[in-house]
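Structure record follows, encoded as structure tokens.
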Amino acid sequence: MNLEVEKLQSSDIQKFPLPILLYDSECPLCTRFKQGLERLPGTSSITMESIHNDDVYLAFPELNKERCKNEVHLINENREVKCGPDVVFNLISRFPGVEKLSWLLDSEMGKQATAAFYHAVNKCKETIKKHCHTCK
């Protein structure tokens, strides 16, 4: 790895400590979810960053801004990008306050139910954005 890439990654880590949860700060539903998550014990270890911060895409060129607008993204400690229901599974397994929902990860049916719930909430978000004059 060349020195410039190492410096860039080092400054990224300082500016955006991993893990990072990307959320839509212009979406009331996403903002409420973020605020609720911040109240849970242990969630202070995750950086929550708006998808509207263009510096995120400079620091993490593997992200696609349009895709980030359509579904939640999380970048873990290994710089692996998780999307959609995988973010929910990651959050459930990561934080003690969410561990009450960990039974959802114990079976395939629980995982499917969680994914279905995520997709339903995401559709709700899309509907809200279509009818909200401040979300456009």
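For the reader, a short list of remarks on this structure follows.
- Number of positions in segment 43-62 that are closer than 26 Å to residue 92 by Cα and either within 12 Å of the chain's Cα centre (by Cα) or open to solvent by 80 Å² or more (accessible area, probe 1.4 Å) (or both): 8
- Residue match in segment 9-16 (condition: modelled with pLDDT of 85 or more and under 13 Å from the mean Cα position of the chain (by Cα)): no
- Within segment 81-92, the set of residues being out of contact with any Phe, Trp or Tyr (no Cβ under 7 Å at 6 or more places or on another chain) and in a helix (DSSP H, G or I) comprises 86, 87, 89, 90, 91, 92.
- Spans of helices (runs of 4 or more DSSP H) in segment 22-80 with at least 2 residues touching a strand residue (DSSP E or B) at 6+ places or on another chain (Cβ under 8 Å) and touching a residue at least 24 places away in the same chain (Cβ under 8 Å): 28-38
- Scan segment 71-99 for residues that are in contact with a Gly (Cβ under 9 Å, 6 or more places away or on another chain) and under 20 Å from residue 27 (Cβ atoms) and the total you get is 3.
- Residue 86 being open to solvent by 60 Å² or more (accessible area, probe 1.4 Å) and either within 29 Å of residue 108 (Cα to Cα) or of a type in the set (Lys, Arg) (or both): yes
- Scanning segment 21-33 for residues that are farther than 13 Å from residue 53 by Cα and either among the β-branched types (Val, Ile, Thr) or surrounded by fewer than 20 Cβ atoms within 10 Å (Cβ to Cβ) (or both) gives 28, 29, 31, 32, 33.
- Count of residues meeting criterion [more than 14 Å from residue 16 (Cβ to Cβ) and either in contact with an Asp or Glu (Cβ under 9 Å, 6 or more places away or on another chain) or modelled with pLDDT under 90 (or both)] in segment 69-101: 23
The values are calculated or read from the model by the stated rules, or taken from the named source; none is laboratory data. Being a predicted model, the structure only gives us computed values, none of them experimental. We place every Cβ from the backbone using ideal geometry, glycine too, and count neighbours over all the protein chains shown. Heads up: the accessible areas ignore ligands, DNA and RNA and are worked out on the full protein's heavy atoms, side chains in. Shrake-Rupley method; radii C 1.70, N 1.55, O 1.52, S 1.80 Å.
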